[in-house]
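The values are calculated or read from the model by the stated rules, or taken from the named source; none is laboratory data. Owing to the predicted nature of the structure, the values given are computational and were not obtained by experimental measurement. Neighbour counts are summed over all protein chains in view; Cβ atoms, including those assigned to glycine, are modelled from backbone coordinates with ideal geometry.
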Amino acid sequence: MRCTKMHGAGNSFLLTEALHGELAGEDLSVLARRLCREESGPGADGLIVLVPAADADFGMLFYNADGSVGEMCGNGARCLARYGVEHDLVRNAEDIRIRAAAGLVRARRVDGERYEVRLNDPSVIDPDRLVTADGRSFRCAYVELGDPGIPHAVTEVPAEAFEDLPSLRRAGRALRFSPVFPKGANVSFACPTGAGSVRAITYERGVEDFTLSCGTGCGAIGLAFCLSGRIPGDAVEIEMPGGLLSVHLRREGGVVRDLFLTGPTAVVARFELPLRSEACKKK
């Protein structure tokens, strides 16, 4: 199978095509677990499989590194949009249409490396959910993006919390599995750093650790901070360990109509991967 490794602000993915039955008979969950582990494959945060879609340029099947199915992935969709443009799979680089489990995702090329996606509409917004985890109490904003929704918990922490990542990791793991979140949750810790900026890190469901960035997590952070008034206006720049991502939203009254994520993408390598084999060699 042909495979391209890409990342969006450090959030890494393996992309492969199944537009013409290339992966027929493969267990994609097993494939994701094998390829995303560095011990048995190139290693990545997730596997993205391009499939046909009647109402879009292509469909997106997303598998987390543990083989679980993801509803959508913001940074993955941005990487996929670039892949589609560079492989002549899209009709219009200014209006790329991707069908994901969480709904239709629209994207556009900003420049050669930067892509923007319109994230799925929030289906749940709970601005204040008290959660006890790791022996502490956390006030979280709970957001689900899309339908079925991608669950996110956002909690504000002081700047010094980022100096103790092991403690944040324990809290992230405990919150991720809290019964308060019926589907589990991606957990983002965030701290305002200016009038329109936030520093953040996300413990991702399915990866079960911090990732260098999380696109839908940034969308949830932007919603939580803008709707609460902690960040003035409708735009925020989010500094994650892997780079800077921008979120802006459009409101009509109290209803969020659009939620956009913009940031860099990069091509890391292209591979030929024999199916059902542990071997992996770069092209």
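Could you check, for region 150-173, whether at least one of its residues is surrounded by 15 or more Cβ atoms within 10 Å (Cβ to Cβ), assigned by TED's automatic domain parsing to the domain that holds S188 and closer than 23 Å to V49 by Cβ?
Scanning region 150-173 turns up at least one residue that is surrounded by 15 or more Cβ atoms within 10 Å (Cβ to Cβ), assigned by TED's automatic domain parsing to the domain that holds S188 and closer than 23 Å to V49 by Cβ.
What are the residues in region 161-202 that are over 29 Å from D147 (Cα atoms) and either β-branched (V, I, T) or touching a Cys at 6+ places or on another chain (Cβ under 9 Å) (or both), if any?
Across region 161-202, the qualifying residues are A161, F162, T193.
Can you find even one residue in region 183-191 that is surrounded by fewer than 21 Cβ atoms within 10 Å (Cβ to Cβ) and hydroxyl-bearing (S, T, Y)?
The answer is no, given that none of the residues of region 183-191 is surrounded by fewer than 21 Cβ atoms within 10 Å (Cβ to Cβ) and hydroxyl-bearing (S, T, Y).
Select from region 130-149 the residues that are of a type in the set (D, E, K, R) and within 30 Å of I98 (Cβ to Cβ) and write down the one among them that is surrounded by the most Cβ atoms within 10 Å (Cβ to Cβ).
E144
Report whether or not L50 is crowded, with 24+ Cβ neighbours inside 10 Å, within 18 Å of H87 (Cα to Cα), touching a helix residue (DSSP H, G or I) at 6+ places or on another chain (Cβ under 8 Å) and of a type outside the set (S, T, Y).
In short, no.
Of the residues in region 200-236, how many are in contact (Cβ under 8 Å) with a residue 24 or more places away in the chain, crowded, with 20+ Cβ neighbours inside 10 Å and more than 24 Å from A100 (Cα to Cα)?
So the count comes out to 5.
Given (1) more than 18 Å from L223 (Cα to Cα); (2) touching a residue at least 60 places away in the same chain (Cβ under 8 Å); (3) surrounded by fewer than 17 Cβ atoms within 10 Å (Cβ to Cβ), where does P127 come up short, assuming only one miss?
With respect to (1) more than 18 Å from L223 (Cα to Cα); (2) touching a residue at least 60 places away in the same chain (Cβ under 8 Å); (3) surrounded by fewer than 17 Cβ atoms within 10 Å (Cβ to Cβ), P127 is out only on (1).
Does G254 meet the test of being surrounded by 17 or more Cβ atoms within 10 Å (Cβ to Cβ) and small (G, A, S)?
no
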